[in-house]
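Student: Below: one structure in C-alpha cells.
The values are calculated or read from the model by the stated rules, or taken from the named source; none is laboratory data. Since the structure is predicted, the reported quantities are computational estimates derived from the model, not experimental observations. All Cβ positions, even for glycine, are placed from backbone atoms using ideal geometry, and neighbour counts span all protein chains on display.
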Amino acid sequence: MDVVIIGDGLIGSAIAWRLAERGCTVSVIGTSSPAAASGVAAGMLAPVTEATFTDTAIVGLNLASLARFADFAAELEAASGLPAGLSREPTLSVAADADDVARLRDFAGFLTERGMIDSPELIVGRELRRREPLLAPTVRAGLPVERDWSVDNRRLWAALREAGGRAGVRRLSGRVVAAGGGYAELADGRTVRGDVAIVAAGAWSGTLELGFRLPVRPVKGVIARLRAGRVPRPRGTVRAFSSGFEVYLVPRVDGEIVIGASVEDVGFDDAATAGAVYELLRDARRVLPAAAEYAVDEISVGFRPATPDNLPFLGASPVDGLLLATGHYRNGVLLTPITADTISALVVDGELPEVARPFGWSRLAAPTRPETVRN
C-alpha cells in the first residue's frame with residue numbers, strides 16, 4: 001500500500017511511522033512550518049483539565065489517547081533512539097480570588113460527577129504549598145489532577161521524524177495546494193501519487209483544494225518560553241484561574257518553562273502582540289512570582305486547527321482514497337497516539353476503530369460527491 005500524507009507535524013509524522021511499521025510505503029509532504037502547533041504548543045496532556053461543561057464529546061477520545069501515551073512513548077524511544085519527552089508529573093489546577101475559587105469548585109464537581117477525578121475537594125493552606133511551594137500567597141485553592149501529564153512536543157516531534165526515517169518514510173519538502181484520491185499536488189507543479197492520501201495539514205487543511213469544503217480554520221495562540229536557570233521552577237504543570245483568565249505553566253526537564261496561551265480567532269495573523277505577551281507574563285507572575293525572574297527564551301505564535309464544533313475530523317472524506325486526520329484544535333499533541341493508531345488501522349485493515357467513529361466529516365454535513373475529482 002502506497003500512502004501519501006499531507007502534513008509533516010506530529011499527527012502526520014505519527015501516522016507515517018505507524019504505517020511504515022505495518023509495511024506501507026509512505027511519503028510525507030510538508031514544510032515543517034514554525035507556526036505549526038506541533039512545534040509551538042506547550043505539550044499539555046490534559047484530558048481532565050481540558051474538559052469543559054459543553055464539549056463533552058471529545059473527553060472519551062482524549063482519555064483513550066492518554067491511556068496509550070506511555071506505551072506509545074516507550075515504543076517511539078525504542079524505534080528512534082531519542083527521548084520522547086513524556087512527563088508523568090501531575091497537573092495542579094489553582095485559583096486566586098474568590099470568584100476563581102468558586103469556578104474551580106464548580107469544575108471539580110463536574111469532573112467528579114463524570115468520574116474523571118475521585119473527589120471534588122480542593123486543597124488549601126499548607127497542603128497546597130506542600131504540593132507547589134512556589135505559588136503566590138494570593139493563590140487560595142488548588143485541585144491536584146493525577147491523570148493530566150505533559151510532554152515536550154518538540155522532542156516528541158523529533159523522535160517521530162527519526163523513527164519514521166528509520167522505518168523507511170520518505171519526506172518531501174513543499175507546499176501542497178490540492179489533493180484527492182491517492183494524490184497530492186504541490187505549488188511547484190509536482191504531483192505525488194499513491195493508493196491513498198491523508199490530509200494531516202493542521203490549521204492549513206482548510207486551505208487545500210479537495211473538491212469539497214473542509215471547515216478547518218486557524219486559531220492563533222501566543223506562547224512564551226522562559227528559562228529558569230538557577231531560579232526554582234514548578235514541580236509540574238500549574239494551570240491557573242487568575243482573575244477570570246486562564247494561564248498555564250509547563251516545566252521541562254531542561255529548565256524551560258512554557259507559558260500559554262492566548263486564543264485569537266484572527267486567521268493566519270502571525271504577529272505576537274505586546275498585549276498578548278503582557279497578559280501571559282502578568283497572569284503567570286500572579287500565580288507563580290518566580291516567573292518574573294526567568295529569562296525570556298522565545299515568544300512564538302502557533303495556529304490551532306479548529307472546526308465548527310471543536311472536534312477533529314478522523315477517517316473517510318467524500319472523496320474515495322482521501323482520508324482526514326485533522327482539526328484537533330487544542331488537543332493535537334494529546335491525540336497523537338490514538339490518531340496514528342486509528343488512521344493506520346483504517347488504511348491497513350480497512351476499518352476505523354469504534355473510538356474514532358463519532359468524529360467523521362459527515363457529522364457536519366451530509367456527504368456528497370464533489371462535482372469534479374481529479375485523478
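Student: Looking only at the range 180-210, count how many residues are crowded, with 20+ Cβ neighbours inside 10 Å and on the phi > 0 side of the Ramachandran plot.
Tutor: 1
Student: What about Phe212, is it in a loop (DSSP other than H, G, I, E, B), farther than 16 Å from Leu135 by Cβ and in the same structural domain as Gly39 (by TED's automatic domain parsing)?
Tutor: The answer is yes for Phe212.
Student: Could you say which residue among Ala42, Ala51, Ala95, Ala57 is in the same structural domain as Ile223 (by TED's automatic domain parsing), more than 13 Å from Trp157 (Cβ to Cβ), touching a residue at least 24 places away in the same chain (Cβ under 8 Å) and of a type in the set (A, V, I, L, M, F, W, C)?
Tutor: Among Ala42, Ala51, Ala95, Ala57, only Ala95 is in the same structural domain as Ile223 (by TED's automatic domain parsing), more than 13 Å from Trp157 (Cβ to Cβ), touching a residue at least 24 places away in the same chain (Cβ under 8 Å) and of a type in the set (A, V, I, L, M, F, W, C).
Student: Checking Gly165 against (1) surrounded by fewer than 19 Cβ atoms within 10 Å (Cβ to Cβ); (2) touching a strand residue (DSSP E or B) at 6+ places or on another chain (Cβ under 6 Å), only one condition comes out false. Which one?
Tutor: Going through the list (1) surrounded by fewer than 19 Cβ atoms within 10 Å (Cβ to Cβ); (2) touching a strand residue (DSSP E or B) at 6+ places or on another chain (Cβ under 6 Å), Gly165 breaks only (2).
Student: Kindly provide the set of residues from the range 88-137 that are among the hydrophobic types (A, V, I, L, M, F, W, C), surrounded by fewer than 20 Cβ atoms within 10 Å (Cβ to Cβ) and over 29 Å from Ala67 (Cα atoms), ordered by number.
Tutor: Ala98, Val101, Ala102, Val124, Leu134, Ala136
Student: Collect the residues in the range 283-323 that are of a type in the set (Lys, Arg) and closer than 30 Å to Ala179 by Cα, keeping them in residue-number order.
Tutor: Arg304
Student: Of the residues Asp341, Asp320, which is of a type in the set (D, E, K, R), at pLDDT 95 or above, in contact with a Lys or Arg (Cβ under 7 Å, 6 or more places away or on another chain) and over 30 Å from Leu280 (Cα atoms)?
Tutor: Asp341
Student: Go through the range 70-110 and report how many residues are of a type in the set (Lys, Arg), at pLDDT 95 or above and closer than 24 Å to Asp283 by Cα.
Tutor: Going through the range 70-110 one residue at a time, the tally reaches 1.
Student: What are the pairs with Cβ atoms under 6 angstrom where one residue, in the range 186-202, is more than 19 Å from Val319 (Cα to Cα) and the other, located anywhere, is among the charged types (D, E, K, R)? Sequence gap at least six, or different chains.
Tutor: Close Cβ pairs satisfying both conditions: Ala187/Arg175.
Student: If I ask for residues that are acidic (Asp, Glu) and at pLDDT 95 or above, which ones from the range 208-253 would you list?
Tutor: Within the range 208-253, just Glu209 meets the criteria.
Student: Scan (1) outside the structural domain of Pro251 (by TED's automatic domain parsing); (2) not in a helix (DSSP H, G or I) for the single condition Leu134 breaks and write down its number.
Tutor: The single condition Leu134 does not satisfy is (1).
Student: Among the residues of the range 324-341, is any of a type outside the set (A, V, I, L, M) and exposed (fewer than 15 other Cβ atoms within 10 Å of the Cβ)?
Tutor: Within the range 324-341, not a single residue is of a type outside the set (A, V, I, L, M) and exposed (fewer than 15 other Cβ atoms within 10 Å of the Cβ).
Student: Quick one: which residue in Leu172, Leu143, Leu156 is out of contact with any Phe, Trp or Tyr (no Cβ under 7 Å at 6 or more places or on another chain), assigned to a helix (DSSP H, G or I) and either in contact (Cβ under 8 Å) with a residue 40 or more places away in the chain or aromatic (Phe, Trp, Tyr) (or both)?
Tutor: After applying the criteria, what remains is Leu156.
Student: Something else: Report whether or not Asn331 is among the polar types (S, T, N, Q), under 23 Å from Arg18 (Cα atoms) and either touching a residue at least 40 places away in the same chain (Cβ under 8 Å) or touching a helix residue (DSSP H, G or I) at 6+ places or on another chain (Cβ under 8 Å) (or both).
Tutor: yes
Student: Take the residues in the range 268-306 that are more than 18 Å from Glu246 (Cα to Cα), in contact with a Phe, Trp or Tyr (Cβ under 9 Å, 6 or more places away or on another chain) and not aromatic (Phe, Trp, Tyr), then tell me which one is surrounded by the most Cβ atoms within 10 Å (Cβ to Cβ).
Tutor: In this case the residue turns out to be Pro305.
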